[in-house]
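Below: the structure, in structure tokens.
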Amino acid sequence: NDITLGEKLTRNGEAAGLTIAQEFIIDGNGHTLTYTGSDRAITVENTSECTKLTVRNLNLVCSASYCQRGINFNTAGCLVLDNVKVSGKNITYAVNLPSSSNNSEVTINNSNVSGNIALNVWGSNMLINVKNSVLTSVDNSTAENYAAIVLNSPAEGTTVNLEGGKVVAYD
């Protein structure tokens with residue numbers, strides 16, 4: 001069923017009292033997860049044992065007046081988004097890859113990701129493959145420096161491959 005959460009969905013061995021070993025899959029089966037909080041809707045912390053997160057067949061809607069991140073992958077490993085829609089009026093980073101995600105592999109297939117910054121990359125030496133997906137910067141802010149894809153200064157050695165789909169930036 002569709003679900004609404006006011007707190008972030010997290011898997012962190014210390015905070016949640018549960019250790020996820022190796023791989024964690026969120027399959028939305030075509031349903032909607034509405035996030036009403038202002039933090040991160042889905043996050044893998046850098047202290048987690050989870051080295052692979054797969055999110056598929058999910059419509060993630062951040063509905064608060066401010067949402068810091070839609071999906072935050074804060075660890076080294078593998079992130080896969082397949083048939084995922086991330087949206088909301090005021091998401092700062094729809095998909096965020098912090099510097100602790102160095103050397104990760106990210107795959108975004110058949111997805112639609114939108115936020116002030118759709119894909120925000122801090123990690124270095126990453127391989128990011130985007131296929132048949134749309135990355136959109138909605139830029140609802142009066143501030144500058146928003147874009148569909150941002151490679152921040154520590155993102156050296158990171159490669160972003162785009163195949164099919166499109167990158168859209170409004171300003």
Fill in: Separation of the T159 and F24 label points, Cα + 7 Å toward Cβ, nm
2.9 nm
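Largest first and in whole Å, give the semi-axes of the chain's equivalent ellipsoid, each being the square root of 5 times a Cα gyration tensor eigenvalue.
Details: eigenvalues 91, 75, 48 Å².
Working from the Cα gyration tensor, I get semi-axes of 21, 19, 15 Å.
Is there a quick way to get the dipole size of segment 29-115? I mean about its Cα centre, with the Cβ of Lys and Arg at +1 and of Asp and Glu at -1; what is the value in debye to the nearest 20? Display every interim value, and only then the final one.
Values: 6 positive and 5 negative charges, 51 e Å.
Computed about the Cα centre, the dipole is about 240 debye.
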Worksheet item: For segment 80-156, what is the charge dipole size about the Cα centre, in debye to the nearest 20, if Lys and Arg each add +1 at the Cβ and Asp and Glu each add -1 at the Cβ?
Response: 220 debye
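When only C-alpha pairs under 8 Å and at least 6 residues apart count, what is the relative contact order of the chain, in percent? Could the numbers behind the result be given before it?
Details: 565 pairs, mean separation 26.6, N = 171.
Computed over the chain, the figure is 16 percent.
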Worksheet item: Considering only protein heavy atoms and a 1.4 Å probe, what is the carbon-and-sulfur percentage of the accessible area of the chain?
Response: 44 percent
Discussion item. By the 4.7 Å beta carbon criterion, which cysteine residues of the chain come out unpaired?
Written reply: C50, C78
Discussion item. Give me the 1.4 Å probe accessible area per residue for the chain, excluding ligands and nucleic acids, in Å².
Written reply: 46 Å²
Discussion item. Run the simple label-point estimate for D2 and T32 please: 7 Å along Cα→C-beta, distance reported in nm.
Written reply: 0.3 nm
Worksheet item: Reachable lysines from K8, Cα under 23 Å, same-chain residues fewer than 8 places away excluded?
Response: K52, K85, K89
Worksheet, complete the sentence: Here, S99 and D39, labelled 7 Å along Cα→Cβ, have an inter-label distance in nm of 2.3 nm
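The values are calculated or read from the model by the stated rules, or taken from the named source; none is laboratory data. Everything numeric in this text was worked out from a predicted model, so none of it was measured. Positions of Cβ are backbone-derived with ideal geometry, glycine not excepted, and every protein chain shown enters the neighbour counts. All accessible areas refer to the heavy atoms of the entire protein, side chains included, with ligands and DNA or RNA removed. Shrake-Rupley method; radii C 1.70, N 1.55, O 1.52, S 1.80 Å.
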